[in-house]
1. Looking at (1) under 22 Å from ASP178 (Cβ atoms); (2) part of a helix (DSSP H, G or I), which one does ASN19 not meet, given that it meets all the others?
2. Do any helices (runs of 4 or more DSSP H) lying entirely in region 73-152 carry at least 3 residues that are more than 23 Å from TRP17 (Cβ to Cβ) and under 20 Å from the mean Cα position of the chain (by Cα), and which ones are they?
3. Among the residues of region 185-199, write down those that are within 26 Å of HIS228 (Cβ to Cβ) and touching a Pro at 6+ places or on another chain (Cβ under 6 Å).
4. Read through the list (1) part of a loop (DSSP other than H, G, I, E, B); (2) more than 15 Å from the chain's Cα centre (by Cα), then give the number of the only condition that SER12 fails.
5. Taking ALA168, is it closer than 17 Å to ARG92 by Cα, touching a Leu at 6+ places or on another chain (Cβ under 9 Å) and in contact (Cβ under 8 Å) with a residue 60 or more places away in the chain?
6. Could you tell me which of the residues ALA90, ALA22 is aliphatic (A, V, I, L, M) and surrounded by fewer than 18 Cβ atoms within 10 Å (Cβ to Cβ)?
7. For SER91, state whether it is modelled with pLDDT of 95 or more and under 26 Å from GLY255 (Cβ atoms).
8. Taking the options PHE24, PHE40, name whichever one is part of a loop (DSSP other than H, G, I, E, B) and more than 19 Å from SER183 (Cα to Cα).
Amino acid sequence: MTTLFFIHGMWSTPRVWDNYRAHFQSLGYRTIAPALVQHFSSNQAKHVQNLSLLDYVDQLEEEYRAAEKQYQNIVLVGHSMGGLLAQLLASRVNCKALVLLASAPPAGLLTFHPEPAKVLSGVFCKPFFWKNGVKLSYRTARHGIFNALTETEAKTQYERLCFESGQAIREVTLWYTDPKRASSVDPEKIDCPVMNLVGEHDRIVPPSSVKKLSRYLGASKHFQQLSHFGHMLPIEDKNFAIAKQIHVWLCWQLGTQSSRAKEPSKHAATNDQGLYTATS
């Protein structure tokens, strides 16, 4: 049985994975969705102040090692900042595959783009924001990360957001000011198939950034820009169209013998045993 190890993103909690966990469990997967340190909906700014990406990765590695003692075939699935954390974790452990949904890029790849700058401008204007916990206003979150949701859905999801570490935000977005380069990823240390997906209307992680990330991680990595989707892919994917693509890709990749699996073919079909196989 394949185990999906879900990693949530910035300002988020494991609840972002609720629908995906139920869906993938119905397909026969085992799922794990740990909360990052001090990430819960009613947290306070002081709970996350001074936490680093390295603190998050250290905690996730402990969770992964514990799961690894019980389960095999673990796949990392990360969303947004969770995608960057998944890359960092994948460079430390021997996961079977890496699925990145609207992933934040590692140090060196993030370049100026007006939309993310607009979303984060309020954070950057707070004096010494990196020493405190910070949270987006509803207006900013509605524009920047919930733009593909209805007003009712956006309000529900906003209530589930939590304070995020300003230090972690700085390490992701202003990586060049971080002497530890906490967000640095060595692609040579990621020896597994990688799937990169991003919504065409994502305002905080531009598709161009994810395409650049896919190239950075090397040849034989899968990239796809998804029409009609924004940033919150696990929530927006109500009909599980994206989840189905992930499932097909995992069936193809995990069915190969090499850890550096080849790209899946453009089409797939289901055989008599219900397994996905490549077609010409």
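The values are calculated or read from the model by the stated rules, or taken from the named source; none is laboratory data. Owing to the predicted nature of the structure, the values given are computational and were not obtained by experimental measurement. A quick note on method: Cβ atoms are made from the backbone with ideal geometry, for glycine too, and the neighbour counts reach across all protein chains shown. Quick note on the areas: whole protein, heavy atoms, side chains included, nothing else; ligands and nucleic acids left out. Shrake-Rupley method; radii C 1.70, N 1.55, O 1.52, S 1.80 Å.
1. Going through the list (1) under 22 Å from ASP178 (Cβ atoms); (2) part of a helix (DSSP H, G or I), ASN19 breaks only (1).
2. 114-124
3. VAL198 - this is the single residue of region 185-199 that is within 26 Å of HIS228 (Cβ to Cβ) and touching a Pro at 6+ places or on another chain (Cβ under 6 Å).
4. (2)
5. Numbers: closer than 17 Å to ARG92 by Cα: no; touching a Leu at 6+ places or on another chain (Cβ under 9 Å): yes; in contact (Cβ under 8 Å) with a residue 60 or more places away in the chain: yes.
When the stated conditions are applied, ALA168 does not pass them.
6. Every option except ALA22 fails the conditions.
7. In short, yes.
8. Result of the check over PHE24, PHE40: PHE40.
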